[in-house]
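What follows is a single structure, written as structure tokens, with notes after it.
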Amino acid sequence: MHEVLIIGGGPAGLTAGMYCRMRKMSALVVDAGRVGGQLVSVYGDKPVHDWPGIHNIIANELAGQLIEHARGLEVEMTGNQKVEEVTRGGEAGFEIVARDLITKEERRHQASALIVAIGGGAFEPRRLKVPGEDGLPEEVLTYRMPDKSKVAGKKVVVVGGGDSGLESAQAAHEAGAKVTMIQAMERFTGMESNIDIVNRMEIPRHFSTRVKEIESENGSIRAVRVATKGVAEPLRLECDYLVVNIGAAVNLDAVKRWGIAVENNLIRVDGSMRTSVDGMFACGDIVTYEGKYKLLLTAASEGCVAAQSAYLHVRKPQRLTMTDLWT
């Protein structure tokens, strides 16, 4: 039995684990995929520019540093375990039933407190839902960051004008691709620094434009047809590698079964990262509160706060001070 069990091994969950250990509490991090969260499962080769103290680091490398830090503090971590059920009651506080995604065996874990840090939850990248999209292989269509080894010298169309789309366009351009961006809104919506880079690269873009059809043949993309607001005739853009970065559809059915109240497909928490369930806390991209801003930095900060709240719940000290931290 652990004092704290953390569901999710991204920046929020790993930071929560670190601070639990600095409070000398036993902590187990369980992730449905690889520990490291979306830094490894989604972004991989994406450069990270907004982590304090490091001007430029690849997402995989940052995940590795966080994992090593957690390991150095003796945080227990396990991957490929999908939490299917959470029950409350008894001396344990919570019992978690997880399924090993490789062996299919059932794993049970008990803890006095629970921290939910599942990032985007059980999510699937949003699809365009246009003719020609179904059945295309990853070699020509991706909903994540483009694989630089696959785009050099190719005609790449990036759909999406947020930070993911802007960074995908940058990565493809740097790899030697001929890039065109499609944005449904009338402007880019990402960080100004990312917009500046795309502008300096002089990457062509079409605003107020949506993809209407993908032309493909034998598993290869030939072109995309797009429609621009106010323009009568659709435009045909030659393309042999398509990147779609228009967000993700989140599924919180499991979280709802655990009894946690959700709001707009996110877990509502207070300033202490407390959920509607006593002893259950949440942090990272999955949570919402007034003033919420989704960044790696805030995810880590929320993980720290969640760990302190779990400490209060489990140990019930007379007062919370920093003198108990592991030094």
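Throughout, read-outs are computed from the coordinates displayed, never taken from laboratory work. Treat the numbers as computed from the prediction; the structure is a model and nothing was measured. A quick note on method: Cβ atoms are made from the backbone with ideal geometry, for glycine too, and the neighbour counts reach across all protein chains shown.
Note on the chain: dipole from Cβ charges, positive end direction compared against LEU28, CYS304, THR142; the farthest Cα belongs to CYS304.
For the chain, the share of DSSP beta bridges that are antiparallel, to the nearest 5, is 55%. For the chain, build the charge dipole from Cβ charges (+1 Lys, Arg; -1 Asp, Glu) around the Cα centre, then report which of ASN56, VAL130, PRO317 sits farthest towards its positive end. Of the candidates, PRO317 comes out farthest on the positive side. Scaled against the 2.2 N^0.38 Å expected of a compact globular protein of N residues, the Cα radius of gyration of the range 127-244 reads 0.98.
Across the range 127-244, the relative contact order, built from alpha-carbon pairs under 8 Å that are at least six residues apart, equals 32 percent. Averaging the sequence gap over all C-alpha pairs within less than 8 Å and six or more residues apart, then dividing by the number of residues, gives the chain a relative contact order of 21 percent. Computed on the Cα atoms alone, the convex hull of the range 19-90 gives a volume of 118 cubic angstrom per residue. Which one, GLY153, ALA261, GLY119, projects farthest toward the positive side of the charge dipole computed for the chain from Cβ point charges (K/R +1, D/E -1)? Sorting the options by dipole projection puts first ALA261. Here the dipole of the range 110-196 is about 200 debye; that uses its Cα centre as origin and unit charges on the Cβ of Lys and Arg (positive) and Asp and Glu (negative). Per residue, the Cα convex hull of the chain amounts to 149 Å³. 3J(HN,Hα) couplings calculated from phi for the range 157-165 with the Karplus curve 6.51 cos²θ - 1.76 cosθ + 1.60 (θ = phi - 60°) are, in sequence order, 10, 10, 9, x, x, x, 4, 4, x Hz; Gly and Pro show x.
Taking 27 Å as the limit for the C-alpha separation, the pairs LYS82/LYS256; LYS46/LYS178; LYS46/LYS154; LYS150/LYS212; LYS229/LYS292; LYS256/LYS292 exceed it in the case of LYS229/LYS292. Loop-located trypsin sites (Lys or Arg not before Pro) across the range 142-198 with a Cβ neighbour count of 16 or fewer within 10 Å are ARG187, with loop assigned by DSSP.
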